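Notes follow once the structure below has been shown.
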Amino acid sequence: MLEVFLEVFKKACEKGCFDFVPRDKNMDLLGSLGLTKTQAIEGLCRKLSAKHCIGGPEKDRDEVRGGEVWMFKLNLWEIEVYVKLKVFTSNGKYCIKCISFHA
């Protein structure tokens, strides 16, 4: 399942189909690194692999939208970053939601 998730993740990245949840801790890390949401996602697209997975799939706590989330830890820009990602569909296309992105 993880390999399928990563394949969908990479394809969604290539198409620019992502959503970055603007939680305070997510935005704080972006600000401290001087990155935009797009740059953060592009960095994930380049580096994320199965070896970074620390959990998942787990049921999303968002009961309205449902789905599954995957958790990762990896070194980006010389900082260990915790990332929680979810696949969703928008207009019939697979997209990625970055729920968590913090140190």
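A compact table of results
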quantity: Computed [θ] at 222 nm, helices only, for the chain once each DSSP H run of length n ≥ 4 contributes -39500 (n - 2.57); calculated: -10000 deg cm²/dmol
quantity: Global geometry of segment 25-93, whether rounded, prolate or oblate, following the gyration tensor of its Cα atoms and the 1.5 cut on a/c; calculated: prolate
quantity: At most 11 other Cβ within 10 Å, DSSP loop - GluC sites (Glu not before Pro), segment 14-88; calculated: Glu63, Glu78
quantity: Reachable lysines, given that their alpha-carbon falls under 18 Å from the alpha-carbon of Lys51 and they are not under 8 places away in the same chain; calculated: Lys10, Lys73, Lys84, Lys86
quantity: Where trypsin sites (Lys or Arg not before Pro) fall in DSSP loop in segment 44-103, at most 15 other Cβ within 10 Å; calculated: Arg61, Arg65
quantity: Spin-label pair Glu14/Lys93, simplified geometry with 7 Å Cα→Cβ offset, distance in nm; calculated: 1.3 nm
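Throughout, read-outs are computed from the coordinates displayed, never taken from laboratory work. This structure is a prediction, so every number in the text was calculated from the model and none was measured. Positions of Cβ are backbone-derived with ideal geometry, glycine not excepted, and every protein chain shown enters the neighbour counts.
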